[in-house]
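Enquirer: Below you'll find the structure I mean.
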Amino acid sequence: GVLCLPDSLNLHKDQQRSNKPGEVQMFSQSELRTIEQSLLATRVGSIAELSDLVSRAMHHLQPLNAKQHGNGTPMHQKQGSLYWEPEALYTLCYFMHCPQMEWENPNVEPSKVTLQTERPFIVLPPLMEWIRVAVAHAGHRRSFSVDSDDVRQAARLLLPGVDCEPRQLKIDDCFCASRKLDAVATEAKFKQDLGFRMLNCGRTDLVKQAISLLGPDGINSMSEQGMTPLMYACVRGDEAMVQMLLDAGADLNAEVVSTAHKYPSVHPETRHWTALTFAVLHGHIPVVQLLLDAGAKVEGSLEHGEENYSETPLQLAAAAGNFELVSLLLERGADPMIGTMYRNGISMTPQGDMNSFSQAAAHGHRNVFRKLLAQPEKEKSDILSLEEILAEGTDLPDSAAAPLCASRNSKAKLKALKEAMYHSAEHGYVDVTIDIRSIGVPWTLHTWLESLRTSFQQHRRPLIQCLLKEFKSIQEEEYTEELITQGLPLMFEILKASKNEVISQQLSVIFTHCYGPYPIPKLVEIKRKQTSRLAFFFLFLIPDPHFLNNKEMSDVTFLVEGRPFYAHRVLLFTASPRFKALLSSKPSSDSTCIEINYVKYPIFQLVMQYLYYGGAESLLIKNNEIMEV
């Protein structure tokens, strides 16, 4: 097809929609057409040409993005245009460069020998796609500039077979920020940037010189990302640098700031994180040990008795499944019951606050979950919070309420385990769900159904039997519309696919329980057309009742439980689509023998009687054979 701009980037249509009657247009039609053609360019001949195209595109796209408030553009980007760093343009030119375009200039003679060959990209993305994806990556890290790594990440998404390493958390360049500052502020900014880079290089002999460049806050100065030098050292796992910074007086428990005015590049997910949080996140166990030995708070920024608005180190370690870190943090007193709340007091998920139990269960880390479960419970204060008062349904506590302490702990832990059970079932980790159930946590209908669905999809028959046996333990108040809309179709699907007698019996018990004590109405049999079968009988003039399972004139033999059963191909073709599909896959010959492994001989005989006689009037079916039939 022909490349064209989407409606959201169509400058011509946008100008027609925005202009009022009598208003002078900002750009002529030819100028708009030139800009749109520039956005559709897939190749460039030089870095100068690319720089001009990107500059014009960003100049005209910025007002367009400002009008689209719901396009996901971060607020800090809406306040000003993004700046493309020179390295970003050179990287983009590497992917879009076409040497043949330079040879069109008559003053440039093509080289006789070249080592550069055309990259065999079948589909070349236009410039607008490069800009869109690169700007999205810059916006994700709350930056005012697009750097070379943003372009490489865009190439990983847009070009087949191109890959690069994930972006590392590091100090950003201050060139973009310096463009908006006066000379004095710019000088201070460059000095601080140099100080961060000196510490980032890992040379411990430059710590004193770097501290003198960081500014009035010294060793605890923060970058535009709201991070201190100690946090960056913990991200890298540089144990020697961490020790040097601690000796120089770095604040162990400094937090990433939450204000975006002074520190515009702070990512929302890292707000209130401490150096210990970053060390745990990147799995640097020696650094974590060093920080804890130096007195770092094991719960990060959480203060005693307050709500937690960021992930604790234990939550991150449990989500990552790092057993050693989880064990270390638990030894130092980390509480697995702590979850995360939003600023308005609402939990992050509708089913709870994603404490460490839920993090481990949601990611399927069974060994970590068991380690958390084995941790002794902390004794709570006798003072109840408002949430606990409402949960208990009691009046304000008095001096006689002290014995309730243990029961409150048990109720809180039961609530946390119910939440963990929900997340493990939702994410398909049935083994973790069964572990939680084995310690006495009751089923909800939803967790039971999700566990049964996962076990069925994974063909785990023993687990299916175990779960079907557990159905009777679900409280009747849990029976909701989900049982009818989701549960019964799932169980009938299992009944249809399963050839296991135990599972069939368990399902029959559940169906009986769901139906209730009411009498079963008489089922009216659907009469099947017998024209094809009667024609077959009259064709051969054999009204003998012993025609069924008669070796005479049979052209197909079924072997059921080692015993032969004789039948006739023409009748089975017309009587049953399943037999038709089965016989079509076998060669037609007088000695055709088909082995049936999943049906008992008496049951197979009843099925054949039904097909031959066209009804169930003459069938004698025992009660214990009904489910199998």
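The values are calculated or read from the model by the stated rules, or taken from the named source; none is laboratory data. All of these numbers come straight from a predicted model, not from anything done at the bench. In this analysis, Cβ positions are derived from the backbone assuming ideal geometry, glycine residues included, and neighbour counts consider all displayed protein chains.
Enquirer: So residue 253 clears everything in (1) of a type in the set (S, T, N, Q); (2) surrounded by fewer than 17 Cβ atoms within 10 Å (Cβ to Cβ); (3) over 16 Å from residue 289 (Cα atoms) except one condition, right? Which one?
Expert: Of the numbered conditions (1) of a type in the set (S, T, N, Q); (2) surrounded by fewer than 17 Cβ atoms within 10 Å (Cβ to Cβ); (3) over 16 Å from residue 289 (Cα atoms), the odd one out for residue 253 is (3).
Enquirer: Residues that are modelled with pLDDT of 90 or more and part of a helix (DSSP H, G or I): does the stretch 332-351 have at least one?
Expert: No: zero hits.
Enquirer: Could you tell me how many of the residues in the stretch 215-244 are in contact with a Lys or Arg (Cβ under 8 Å, 6 or more places away or on another chain) and crowded, with 21+ Cβ neighbours inside 10 Å?
Expert: Final tally of qualifying residues: 3.
Enquirer: If you go through the stretch 198-214 one residue at a time, how many are at pLDDT below 85, surrounded by 15 or more Cβ atoms within 10 Å (Cβ to Cβ) and not in a helix (DSSP H, G or I)?
Expert: So the count comes out to 0.
Enquirer: With the condition kept exactly as written, say whether any residue in the stretch 316-323 is assigned to a loop (DSSP other than H, G, I, E, B), at pLDDT 95 or above and under 19 Å from residue 274 (Cβ atoms).
Expert: Yes.
Enquirer: Right, something else. For residues that are at pLDDT below 80, in a helix (DSSP H, G or I) and buried (at least 18 other Cβ atoms within 10 Å of the Cβ), tally how many sit in the stretch 168-197.
Expert: Matching residues across the stretch 168-197 total 2.
Enquirer: Which residue is nearest to residue 38 (Cα to Cα), if the candidates are limited to the stretch 109-125 and must be modelled with pLDDT of 55 or more and surrounded by fewer than 19 Cβ atoms within 10 Å (Cβ to Cβ)? Let's see the steps before the verdict.
Expert: If we filter the stretch 109-125 for residues that are modelled with pLDDT of 55 or more, which is where we start, we get 109, 122-125.
If we keep only those that are surrounded by fewer than 19 Cβ atoms within 10 Å (Cβ to Cβ) too, we end up with 109, 122-124.
Working: 109: 26, 122: 21, 123: 18, 124: 14 Å.
Among those residues, the one meeting the criterion is 124.
Enquirer: Which residue pairs have Cβ atoms under 7 Å apart, sit 6 or more places apart or on different chains, and have a first residue in the stretch 258-270 that is in contact (Cβ under 8 Å) with a residue 12 or more places away in the chain and a second that is among the hydroxyl-bearing types (Ser, Thr, Tyr)?
Expert: 265/143
Enquirer: Consider residue 167 against the criteria (1) farther than 20 Å from residue 193 by Cα; (2) not assigned by TED's automatic domain parsing to the domain that holds residue 96: it satisfies all of them except one. Which criterion is unmet?
Expert: Unmet for residue 167, out of (1) farther than 20 Å from residue 193 by Cα; (2) not assigned by TED's automatic domain parsing to the domain that holds residue 96: (1).
Enquirer: Do any residues in the stretch 126-140 that are assigned by TED's automatic domain parsing to the domain that holds residue 42 have Cβ atoms under 7 Å from those of residues that are among the charged types (D, E, K, R) and modelled with pLDDT of 90 or more, where the two are at least six apart or on different chains, and which pairs are they?
Expert: Here the result reads 134/150; 137/150; 138/150, each pair linking the stretch 126-140 to a residue that is among the charged types (D, E, K, R) and modelled with pLDDT of 90 or more.
One line per residue, one yes/no per condition, for (1) polar (S, T, N, Q); (2) within 27 Å of the chain's Cα centre (by Cα); (3) over 20 Å from residue 377 (Cβ atoms); (4) surrounded by fewer than 22 Cβ atoms within 10 Å (Cβ to Cβ):
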position: 276; (1), (2), (3), (4): no, yes, yes, no
position: 279; (1), (2), (3), (4): no, yes, yes, no
position: 294; (1), (2), (3), (4): no, no, yes, yes
position: 315; (1), (2), (3), (4): yes, yes, no, no
position: 319; (1), (2), (3), (4): no, yes, yes, yes
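Enquirer: Give the residue that is farthest from the chain's Cα centre (by Cα), with candidates limited to residues of the stretch 245-272 that are of a type in the set (A, V, I, L, M, F, W, C) and modelled with pLDDT under 90. Working first, answer last.
Expert: Quick first cut of the stretch 245-272, residues of a type in the set (A, V, I, L, M, F, W, C) only: 245-246, 248, 250, 252, 254, 256-257, 260, 266.
Checking the rest, the ones that are also modelled with pLDDT under 90 come to 248, 257, 260, 266.
Numbers: 248: 42, 257: 28, 260: 28, 266: 24 Å.
Step by step, filter the stretch 245-272, then rank; the result is 248.
Enquirer: Continuing with the same structure: Select from the stretch 72-98 the residues that are within 24 Å of residue 34 (Cβ to Cβ) and part of a loop (DSSP other than H, G, I, E, B) and write down the one among them that is modelled with the lowest pLDDT. Please lay out each step first, then the result.
Expert: First, pick out the residues of the stretch 72-98 that are within 24 Å of residue 34 (Cβ to Cβ): 81-84, 88-89, 92-93, 95-98.
Keeping just the survivors that are part of a loop (DSSP other than H, G, I, E, B) gives 81-82, 98.
Working: 81: 68, 82: 80, 98: 77.
Here the answer is 81.
Enquirer: Just to check your reading of the model, which residue among 269, 299, 255 is part of a helix (DSSP H, G or I), among the charged types (D, E, K, R) and under 23 Å from residue 353 (Cβ atoms)? Can you show your working first?
Expert: Numbers: 299 fails: part of a helix (DSSP H, G or I); 255 fails: part of a helix (DSSP H, G or I).
Answer to the check: 269.
Enquirer: What number goes with the only condition from (1) under 14 Å from residue 169 (Cα atoms); (2) surrounded by fewer than 20 Cβ atoms within 10 Å (Cβ to Cβ) that residue 262 does not pass?
Expert: (1)
Enquirer: Could you tell me whether the stretch 490-500 includes any residue that is under 24 Å from the mean Cα position of the chain (by Cα) and of a type outside the set (D, E, K, R)? Let's see the steps before the verdict.
Expert: Taking the stretch 490-500 first, the residues under 24 Å from the mean Cα position of the chain (by Cα) are none.
Scanning the stretch 490-500 turns up no residue that is under 24 Å from the mean Cα position of the chain (by Cα) and of a type outside the set (D, E, K, R).
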